[in-house]
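Only one structure is covered here, and it is reproduced in the block below.
The values are calculated or read from the model by the stated rules, or taken from the named source; none is laboratory data. Owing to the predicted nature of the structure, the values given are computational and were not obtained by experimental measurement. All Cβ positions, even for glycine, are placed from backbone atoms using ideal geometry, and neighbour counts span all protein chains on display.
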Ligand code: NAD
């Protein structure tokens, strides 16, 4: 049995509460002979600042570098609003992203039939929805130089951000999208604004060439990013993998997220380069939601985003495709049985605490594992 090294960074607020629901699942998979997990834990965010005055210590950063995958809860909260900027809780997350060179952000939008009525769209548009948005994470307008506010000396100021992409940055995130498509519906929709942006022209040309040279078996289509936004809310089930840059991805992934109902359901993954030996890539998995200080400590948090992040980790980092599918099936079955946390409760369903939902998914997974 392969041993997988997993670093858990529960973080702040509801982070530890939802992370606590993952460990028993890892233990269960170990007992079932699926794989062995070597689990370490560390501190990130406000709790790390309280412990050592930094948002993540060098020692925990070294653990992250040594792990096969990192699982993160959430960081931040009003308690740390006044701490210096460079040691604020989010700085821990940014350090992880930067030093692990996580350039591709993956956000699935999956709509469980049992929750289709929680979406703001009609049931028939979202029931059975299963798309993956791949966003470039380390380049583009959020990082390009110059980035400044100039005083023009005439009572006017000028704000400047620079959208810049090099060929290799587009190619490496493109490969992630094409490879994912091969494991899913075999279709990539690439989005940019080639009609008004030079970086969009380059993006389009590079993805077209990459497709022709390395992934001709995958169906590729291009859409302008604004039009894709419309299509996402008009007919979201037409998409399989959506590939886009940092800025458009930031916007479109939030739109895609809302197709599925609650923020407490949404996992994500951030992937880095594959190692030279052709083995795994650096990867960090986390729920899309934050530390939810308003409900922290009240056992109200929905652990499904965290549990589904673990499922993504099983599939993407550890190659445990069947085990990942079973975890996701356990979640779907529990929802179909009418069990809910407070955020997704509807009339006629039964509301469980964070731990209650964790146990229900654990018990269902045990049943599925036989
Ligand atoms: P949030 O995602 O923490 O909460 C938004 C709303 O969604 C709240 O009403 C919250 O109760 C609810 N919610 C979130 N997760 C839930 C869950 N699992 N179950 C049930 N309800 C859930 O966003 P926010 O309130 O804007 O931010 C709170 C703190 O989290 C801030 O300090 C922010 O900086 C930080 N934050 C961290 C991350 C991260 O760690 N990646 C992401 C976003 C925000």
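Annotations for the structure displayed:
- Filter result for residue 261 (in contact with a helix residue (DSSP H, G or I) (Cβ under 9 Å, 6 or more places away or on another chain), within 23 Å of residue 106 (Cβ to Cβ) and part of a helix (DSSP H, G or I)): no
- Wholly within the range 23-133, helices (runs of 4 or more DSSP H) carrying at least 2 residues that are away from the ligand (no atom under 16 Å from the Cβ): 23-31, 46-52, 58-66, 123-126
Here is a yes/no grid of residues against (1) surrounded by 14 or more Cβ atoms within 10 Å (Cβ to Cβ); (2) out of contact with any helix residue (DSSP H, G or I) (no Cβ under 6 Å at 6 or more places or on another chain); (3) modelled with pLDDT of 95 or more:
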{"position": "66", "(1), (2), (3)": "no, yes, no"}
{"position": "73", "(1), (2), (3)": "yes, no, yes"}
{"position": "78", "(1), (2), (3)": "no, yes, yes"}
{"position": "99", "(1), (2), (3)": "yes, yes, no"}
{"position": "104", "(1), (2), (3)": "yes, no, yes"}
{"position": "126", "(1), (2), (3)": "yes, no, no"}
{"position": "158", "(1), (2), (3)": "no, yes, yes"}
{"position": "171", "(1), (2), (3)": "yes, no, yes"}
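- Reported count of residues in the range 20-46, each being within 22 Å of the chain's Cα centre (by Cα) and over 22 Å from residue 325 (Cβ atoms), is 8.
- Test: residue in the range 31-39 that is assigned by TED's automatic domain parsing to the domain that holds residue 357, modelled with pLDDT under 95 and closer than 28 Å to residue 136 by Cβ: no
- Qualifying residue in the range 335-345 (condition: part of a loop (DSSP other than H, G, I, E, B), at pLDDT below 95 and closer than 17 Å to residue 30 by Cα): no
- The range 31-46, residues that are closer than 16 Å to residue 330 by Cβ and surrounded by fewer than 16 Cβ atoms within 10 Å (Cβ to Cβ): 31, 32
- Residue 17 being surrounded by fewer than 17 Cβ atoms within 10 Å (Cβ to Cβ) and within 14 Å of the ligand (Cβ to nearest atom): no
- Candidates are the residues of the range 134-143 that are within 15 Å of the chain's Cα centre (by Cα) and part of a loop (DSSP other than H, G, I, E, B); the one that is farthest from residue 316 (Cα to Cα) is 138.
- The residue pairs whose first member lies in the range 287-300 and is more than 6 Å from the ligand (Cβ to nearest atom), whose second member is in a loop (DSSP other than H, G, I, E, B) and modelled with pLDDT of 95 or more, and whose beta carbons are closer than 6 Å, counting only pairs six or more residues apart or on different chains, are 296/13; 296/14; 299/353.
- Strands (runs of 3 or more DSSP E) within the range 144-256 that include 3 or more residues in contact (Cβ under 8 Å) with a residue 24 or more places away in the chain: 187-192, 219-224, 241-244
- Looking only at the range 323-344, and only at residues there that are touching a residue at least 60 places away in the same chain (Cβ under 8 Å) and within 20 Å of residue 2 (Cβ to Cβ), the one that is nearest to the ligand (Cβ to nearest atom): 327
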